1. If you go through segment 30-87 one residue at a time, how many are without any contact (Cβ under 8 Å) to a residue 24 or more places away in the chain and closer than 22 Å to residue 112 by Cβ?
2. Would you confirm whether any residue within segment 155-170 is out of contact with any helix residue (DSSP H, G or I) (no Cβ under 6 Å at 6 or more places or on another chain), crowded, with 18+ Cβ neighbours inside 10 Å, outside any strand (DSSP E or B) and at pLDDT below 95?
3. Within 12 Å of the chain's Cα centre (by Cα) and outside any loop (DSSP other than H, G, I, E, B), is that true of residue 48?
4. Please count how many residues of segment 16-31 are in contact with a helix residue (DSSP H, G or I) (Cβ under 7 Å, 6 or more places away or on another chain) and surrounded by fewer than 17 Cβ atoms within 10 Å (Cβ to Cβ).
5. Of the conditions (1) modelled with pLDDT under 95; (2) in a helix (DSSP H, G or I); (3) surrounded by 15 or more Cβ atoms within 10 Å (Cβ to Cβ), residue 34 fails just one. Which one is it?
6. What residue, of 70, 97, 106, is within 12 Å of the chain's Cα centre (by Cα) and either surrounded by fewer than 18 Cβ atoms within 10 Å (Cβ to Cβ) or at pLDDT below 95 (or both)?
7. Could you list, in sequence order, the residues of segment 114-148 that are closer than 24 Å to residue 77 by Cβ, at pLDDT 80 or above and assigned to a loop (DSSP other than H, G, I, E, B)?
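The values are calculated or read from the model by the stated rules, or taken from the named source; none is laboratory data. As the structure is a computational prediction, the values presented were derived from the model and not from experiment. Cβ placement follows ideal geometry from the backbone for every residue including glycine, while neighbour counts extend to all protein chains displayed.
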């Protein structure tokens, strides 16, 4: 009888704002994404997206982009203004937050904002406002009795941009 694999537990670091403590490749990817934010041009995200060997996850399901060529247009279409300004503002808000280091076995990912993995409830009005800045306008549509999906970014220790999407403990 085959033995079931033991599930790998996740270890999450304490939140940090020290970007100098990030591995160099993580810093480079973060800076590449922030360069697009500073340019205020969604098209400027293309170089950061295309640095990867695989496409970052921007959504699940059939609507998600499947090629690098589709990625920027997909992000543009998700933005409330259909030009990408909302995406860039949310990216900026996410990177203004503390991050955590998530380790599962040999896999290490740096995740922004930290509160998406630490489940710490906002203690102040300012913390609550910071969380709301990481929410896409489209996430507010529908049933507001359910928790709102906060956008998050995961960058692997090797600098691979793994995902930018909203979720509730995904």
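1. Let us first name the residues in segment 30-87 that are without any contact (Cβ under 8 Å) to a residue 24 or more places away in the chain, namely 31-32, 35, 38-39, 44, 47, 50, 55, 61-70, 73-74, 77, 81-82.
Those still in the list that are closer than 22 Å to residue 112 by Cβ too: 31-32, 35, 38-39, 44, 47, 50, 55, 64-65, 74.
Total satisfying the criteria: 12.
2. No, the conditions are met nowhere in segment 155-170.
3. Values: within 12 Å of the chain's Cα centre (by Cα): no; outside any loop (DSSP other than H, G, I, E, B): yes.
No: the conditions fail for residue 48.
4. So the count comes out to 2.
5. Failed condition: (1).
6. On the way: 70 fails: within 12 Å of the chain's Cα centre (by Cα); 106 fails: within 12 Å of the chain's Cα centre (by Cα).
After applying the criteria, what remains is 97.
7. Listed by number, the list holds a single entry, 133.
Yes/no per residue for (1) under 19 Å from residue 47 (Cα atoms); (2) in a helix (DSSP H, G or I); (3) touching a helix residue (DSSP H, G or I) at 6+ places or on another chain (Cβ under 6 Å):
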residue	(1), (2), (3)
60	no, no, no
65	yes, no, yes
71	yes, yes, yes
77	yes, yes, no
80	no, no, yes
103	no, no, no
109	no, no, no
